Amino acid sequence: MTNAINLDGDDNIVVQGSENVNITVNKILSKSHDYNTMLGELREQQEIFDGISEENLSLRLKISTKINQLNDSIEQFKREIIQLAETFDKLEVNSERLQQAREFFEKGEIGEARALLNDDNERLADEETQLWRKRDYYETEIEPKLIAKAEERYIQALLSRTDYANPNWFADTRNYFNLSIKSYPTKDNIFQFAYFLKDHNQFDEAEKYYSKYLNDFSNQISENEYADALNNLANLHRNQTRYDEALTEFEEALAIRRKLAETNPNTFLPDVAMTLNNLAILHQAQNRYDEALSEYEEALTIYRKLAETNPHTYLPNVATTLNNLAVLHQAQNRYDEALTEFEEALAIRRKLAETNPNTFLPDVATTLNNLAILHQAQNRYDEALREYEEALAIYRKLAETNPQTFLPFVATTLNNLAILHADQNRYDEALSEYEEALAIYRKLAETNPHTYLPFVAMTLNNLAVLHADQNRYDEALSEYEEALAIYRKLAETNPHTYLPDVAMTLNNLALLHQAQNRYDEALCEYGEALEIRESLAETNPMVYKVKVAQTNYNLAILYQDDLPDRDKSISYVLTTIAILLEISDVVIYTRKYLEASINILKKWGLSDEEIDRMIAEKMKESE
């Protein structure tokens, strides 16, 4: 199978802090040497970029990457300064060093504040060591001093997060957080360390600290802070396909936010809608469409109501929820509803892009991409082609000035456009588009393999499907094998995410070997794919049972057409039918496979009565 890519959205809570910050952040930024240095570097890199020929894509990509990194660093620096300002505002400063660090900070002398604490590292370490040894015996006397040391290290960690000139900033920041927590764990240093770790893909350790925050500080944090942490932890678990845990966390966060919104709707209704959106994305991934539909619709109602009085803030959320709802309706083959929702989302985003193109033109292209996938599913190829081409033109234009951000979207749209052309038997165009997409993903993966190697593998899979359809088996085999090697490597460290892709590629590779009459290899690949999918279905049946049915169906065909074995073919197809009957009311697209499966039994000469009896016996056996 080939992969078209829909886009959706979710939200994380990033910063917690006092609403009452007495320090003027803009004044601090204007005086900060670090901040002004980054602004100067940004201007310099932009001038270099503007002087590079468009033909020199490799150099433009390199400079664009630097520009994006600088922009990200500047925005991150601003967020960290806000966090520092909020933290200083809340702290009871009770050490001379911390008071001096605060004074430096308020004057915008970030480096001096950092240096003040860093220069005393050895003395701080000595003092901490002595205090740790005495803690169990002198809690009453020592605790206030430990708190002071923890606060100093916490501020040191927050300051270190802004020290991008330091090549060891990540390790230093992590160390300072650890030292702060070791001296005296607080809800602030625990939460911020958890978010810092999650933000840098340290998921297992982030989970540990989110859990510590929720368990150890439940009596110290507000209900909203508790819900924020649950939301972040649920997003982490959803990204790891740990759906049961994510579901429990989202539901608890939603219950808290609903209660808060009863007395303060203006503040908390947006959080209710955000959590409903996140929960719907989870349910959709599990094929629990009725629940996802209810959640999207409620979120949409909330955002529409909020947009009536504050359209500037909430119309983008209306459009995002419409987009997600349309993707759901498309998965249910409810194409008319999906079309209406995509078109409304597109109209909103086009209107927003008129006054703010930098922000909303990418969203226009996203909706065009999704609308094209819908039209393609309806065989309305001319409309799909126009939408893909407009989306591609937008992304190519955006990539001219920001290739690092938008080249991935160029590749995504090329991938989808290639699938369309392949469906129309326009193989030369499809081949050209796949190859350009693959070249982009390979280039991006050179500097960011964790993010883009999965897309390299996906495009290799799609390209192999195309070559197999053209009977270019050697090329298809090479592409499948490279894709499989990538997915196996990724699954070593992230099996939840990539084992399904290993199974998919094995299934496709088996189909190729079957077409080449290389049946021993095909059987081995089907067998491994089936084993993986059955294992996945044990913990996530609504998602993976259909995949188990798919591989059983392929084996039934093989034992009917290629290696005739009546008993095996019938056994595999009855397993397929039993699974499909269980899920076809929910996963609607499987109904056509149910009919095809019954046809296999008819080809073996079975009567309708015999087929009904055998299916009934299989269903009873499966109970």
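The values are calculated or read from the model by the stated rules, or taken from the named source; none is laboratory data. Predicted model, so just to flag it, every value in this text is computed and none were measured. Cβ: placed from backbone, ideal geometry, glycine included. Neighbour counts: every protein chain shown. Surface accessibility is based on the protein's heavy atoms, side chains included, excluding ligands, DNA and RNA. Shrake-Rupley method; radii C 1.70, N 1.55, O 1.52, S 1.80 Å.
Among residues belonging to segment 331-369 that are of a type in the set (D, E) and open to solvent by less than 60 Å² (accessible area, probe 1.4 Å), point out the one that is farthest from K397 (Cα to Cα). Write out each step before concluding.
Narrowing segment 331-369 to residues of a type in the set (D, E): 336-337, 341, 343-344, 354, 363.
Next, only the ones that are open to solvent by less than 60 Å² (accessible area, probe 1.4 Å) stay: 341, 363.
Values: E341: 26, D363: 14 Å.
The residue in question is E341.
With under 21 Å from F77 (Cβ atoms) and β-branched (V, I, T) as the only criterion, which of T173, T129 stands out?
Criteria check complete, one pass: T173.
If only residues of segment 196-216 that are under 18 Å from T162 (Cα atoms) and part of a helix (DSSP H, G or I) are counted, the one that is modelled with the highest pLDDT is F196. Only residues that are open to solvent by less than 30 Å² (accessible area, probe 1.4 Å), under 31 Å from the mean Cα position of the chain (by Cα) and without any contact (Cβ under 8 Å) to a residue 24 or more places away in the chain were counted in segment 526-577, giving 1. Condition first: under 27 Å from A439 (Cβ atoms), more than 20 Å from the chain's Cα centre (by Cα) and among the basic types (K, R). Can you find one or more residues in segment 388-397 that meet it? Within segment 388-397, one or more residues are under 27 Å from A439 (Cβ atoms), more than 20 Å from the chain's Cα centre (by Cα) and among the basic types (K, R).
Looking only at segment 190-242, which residues are open to solvent by 20 Å² or more (accessible area, probe 1.4 Å), within 28 Å of A491 (Cα to Cα) and of a type in the set (G, A, S)? Within segment 190-242, S211 is the sole residue that qualifies.
As a summary of the residue check, N461 satisfies the conditions (1) open to solvent by 10 Å² or more (accessible area, probe 1.4 Å); (2) touching a residue at least 60 places away in the same chain (Cβ under 8 Å) except for the one numbered (1). Sub-7 Å Cβ pairs linking a first residue in segment 53-81 that is within 10 Å of N402 (Cα to Cα) and in a helix (DSSP H, G or I) to a second residue that is of a type in the set (A, V, I, L, M) and open to solvent by 50 Å² or more (accessible area, probe 1.4 Å), at least 6 apart or interchain, are I63/I48, ordered by first then second residue. Residues that are in contact with a Ser or Thr (Cβ under 9 Å, 6 or more places away or on another chain), closer than 30 Å to H33 by Cα and not aliphatic (A, V, I, L, M): does segment 123-136 have at least one? Within segment 123-136 (the criterion being in contact with a Ser or Thr (Cβ under 9 Å, 6 or more places away or on another chain), closer than 30 Å to H33 by Cα and not aliphatic (A, V, I, L, M)), the answer is no, since none of the residues qualifies.
Evaluate the following for I142: is it among the β-branched types (V, I, T) and touching a residue at least 24 places away in the same chain (Cβ under 8 Å)?
Details: among the β-branched types (V, I, T): yes; touching a residue at least 24 places away in the same chain (Cβ under 8 Å): no.
Taking the combined requirement at face value, the residue does not satisfy it.
Within segment 117-127, is there a residue that is farther than 19 Å from D188 by Cα and under 38 Å from the mean Cα position of the chain (by Cα)? Yes; the residues of segment 117-127 include at least one that is farther than 19 Å from D188 by Cα and under 38 Å from the mean Cα position of the chain (by Cα). Counting just the residues of segment 73-100 that are out of contact with any helix residue (DSSP H, G or I) (no Cβ under 7 Å at 6 or more places or on another chain) and more than 16 Å from L29 (Cβ to Cβ), which one comes out least open to solvent (accessible area, probe 1.4 Å)? Step by step, filter segment 73-100, then rank; the result is D89.
Across segment 490-525, what is the total count of residues that are closer than 26 Å to E245 by Cα and open to solvent by 20 Å² or more (accessible area, probe 1.4 Å)? Step through it out loud before you land on a result.
At the first step, the residues of segment 490-525 found to be closer than 26 Å to E245 by Cα are 490-504.
From what's left, open to solvent by 20 Å² or more (accessible area, probe 1.4 Å): 490, 492-501.
Result for segment 490-525: 11.
What tally of residues in segment 58-72 results from selecting those that are more than 22 Å from A157 (Cα to Cα) and surrounded by fewer than 15 Cβ atoms within 10 Å (Cβ to Cβ)? Steps first, please.
Initial filter on segment 58-72 (more than 22 Å from A157 (Cα to Cα)): 58-68.
Now drop any that are not surrounded by fewer than 15 Cβ atoms within 10 Å (Cβ to Cβ), which leaves 58-59.
Within segment 58-72, residues that are more than 22 Å from A157 (Cα to Cα) and surrounded by fewer than 15 Cβ atoms within 10 Å (Cβ to Cβ) number 2.
Determine whether segment 596-615 contains at least one residue that is modelled with pLDDT under 90 and touching a helix residue (DSSP H, G or I) at 6+ places or on another chain (Cβ under 7 Å). If you could, list the steps in order and put the result at the bottom.
If we filter segment 596-615 for residues that are modelled with pLDDT under 90, which is where we start, we get none.
No.
Under the condition of being open to solvent by 10 Å² or more (accessible area, probe 1.4 Å) and either in contact (Cβ under 8 Å) with a residue 40 or more places away in the chain or under 17 Å from T241 (Cβ atoms) (or both), the residues counted in segment 291-317 number 3. Taken over segment 110-126, the residue count meeting the criterion of being crowded, with 19+ Cβ neighbours inside 10 Å and in contact (Cβ under 8 Å) with a residue 60 or more places away in the chain is 1. One residue stands out in segment 156-195 among those that are more than 30 Å from the chain's Cα centre (by Cα) and part of a helix (DSSP H, G or I): the one that is farthest from Q99 (Cα to Cα), namely K182.
The set of residues from segment 144-185 being among the small types (G, A, S), surrounded by 24 or more Cβ atoms within 10 Å (Cβ to Cβ) and farther than 20 Å from K198 by Cα comprises just one member, S183. Going through (1) among the β-branched types (V, I, T); (2) open to solvent by 10 Å² or more (accessible area, probe 1.4 Å); (3) touching a residue at least 24 places away in the same chain (Cβ under 8 Å) one by one, I583 falls short only on (2).
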